[in-house]
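Participant: This is the structure I have questions about; it appears just below.
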Amino acid sequence: MRELVYYVAVSLDGYIAAPDDTFSDFPMQGDHIDMILRDYTDTIPTLGLRATGLTPDLSRFDTVLMGWNTYRAGGVHPPEGPYGHLKQYVFSRKHSAVEPAVTSTGDDPVEIVRMLKSEKGSGIWLAGGGMLASALVGEIDRLILKVNPVLLGSGKRLFAEREYSPLRSRLVASASYESGVVVNEYAVDR
């Protein structure tokens, strides 16, 4: 069965974006970027792939899930959407104007994820945001957190508010970079 992986950059104080949905305070240069280009090519936006000449092999992810704010944070997208090499889903009950290659849905994200997990393919990347992650917390199999050496103070949280309900996980990998970024991978215990 396919896994749902919450792979996201996060500040030391648990924010994935500034209050205005931007993430420019996270380091965009450094040795951690080399790792992303090498190991997480599937997560590079279409425009970035074109600029670097990289070709994703879709072995890590072939599907991406985004909340509306995460989708819109990328600005204007090419006709094939922000991640034209992936199956793209945007979850919103208020908005539906997306590129033709992107599926916009107001359906229950849990039902969509369960359907996707039952299909053949590689991983399902939960790109954000915190509200979507909170709705899907019971479906997340793995968290890969790119912990950035910055305190934001406020902004969009890794998980939006949710009921107290501890979800245990175990650290399965950790790598630190000279840039100060630490990538921690956790498997969720079920």
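Participant: Among the residues of the range 98-112, how many are open to solvent by 20 Å² or more (accessible area, probe 1.4 Å), in contact (Cβ under 8 Å) with a residue 12 or more places away in the chain and in a helix (DSSP H, G or I)?
Facilitator: The qualifying residues number 2.
Participant: Read through the list (1) surrounded by fewer than 17 Cβ atoms within 10 Å (Cβ to Cβ); (2) aliphatic (A, V, I, L, M); (3) at pLDDT 95 or above, then give the number of the only condition that VAL76 fails.
Facilitator: Result: VAL76 passes all but (3).
Participant: What number goes with the only condition from (1) open to solvent by less than 60 Å² (accessible area, probe 1.4 Å); (2) touching a helix residue (DSSP H, G or I) at 6+ places or on another chain (Cβ under 9 Å) that THR46 does not pass?
Facilitator: (2)
Participant: State the number of residues belonging to the range 149-167 that are outside any strand (DSSP E or B) and either at pLDDT 95 or above or of a type in the set (Val, Ile, Thr) (or both). Quick ask: steps written out before the conclusion?
Facilitator: As a first pass, look at the range 149-167 and keep what is outside any strand (DSSP E or B): 149-155, 158-167.
Those left that are additionally either at pLDDT 95 or above or of a type in the set (Val, Ile, Thr) (or both): 149-155, 158-159.
Residues flagged as outside any strand (DSSP E or B) and either at pLDDT 95 or above or of a type in the set (Val, Ile, Thr) (or both) within the range 149-167 amount to 9.
Participant: I would also like to ask the following. Go through GLU185, GLU178 for me and flag whichever is surrounded by fewer than 18 Cβ atoms within 10 Å (Cβ to Cβ), outside any helix (DSSP H, G or I) and under 14 Å from the mean Cα position of the chain (by Cα). Steps first, answer last, please.
Facilitator: Numbers: GLU178 fails: under 14 Å from the mean Cα position of the chain (by Cα).
From the options GLU185, GLU178, the qualifying one is GLU185.
Participant: Quick check, is MET115 of a type outside the set (Gly, Ala, Ser), within 13 Å of LEU4 (Cα to Cα), open to solvent by 40 Å² or more (accessible area, probe 1.4 Å) and part of a helix (DSSP H, G or I)? Can you show your working first?
Facilitator: Numbers: of a type outside the set (Gly, Ala, Ser): yes; within 13 Å of LEU4 (Cα to Cα): yes; open to solvent by 40 Å² or more (accessible area, probe 1.4 Å): yes; part of a helix (DSSP H, G or I): yes.
So MET115 fits the description; yes.
Participant: List pairs: first residue in the range 63-76 and on the phi < 0 side of the Ramachandran plot and of a type in the set (Ser, Thr, Tyr), second residue in a strand (DSSP E or B) and open to solvent by 30 Å² or more (accessible area, probe 1.4 Å) anywhere in the structure, Cβ distance under 6 angstrom, at least six positions apart or on different chains.
Facilitator: Final answer for the pair search is THR63/LYS87.
Participant: Out of curiosity, is ASP31 surrounded by fewer than 16 Cβ atoms within 10 Å (Cβ to Cβ) and in contact with a Phe, Trp or Tyr (Cβ under 6 Å, 6 or more places away or on another chain)?
Facilitator: Details: surrounded by fewer than 16 Cβ atoms within 10 Å (Cβ to Cβ): yes; in contact with a Phe, Trp or Tyr (Cβ under 6 Å, 6 or more places away or on another chain): yes.
Judged against the criteria, ASP31 is a match.
The values are calculated or read from the model by the stated rules, or taken from the named source; none is laboratory data. Keep in mind that what you see is a predicted model, and the values were worked out from it rather than measured. Note: ideal-geometry Cβ built from the backbone for every residue, glycine included; neighbour counts use all protein chains shown. Remember, those area values only see protein heavy atoms, side chains included, never the ligands or the DNA or RNA. Shrake-Rupley method; radii C 1.70, N 1.55, O 1.52, S 1.80 Å.
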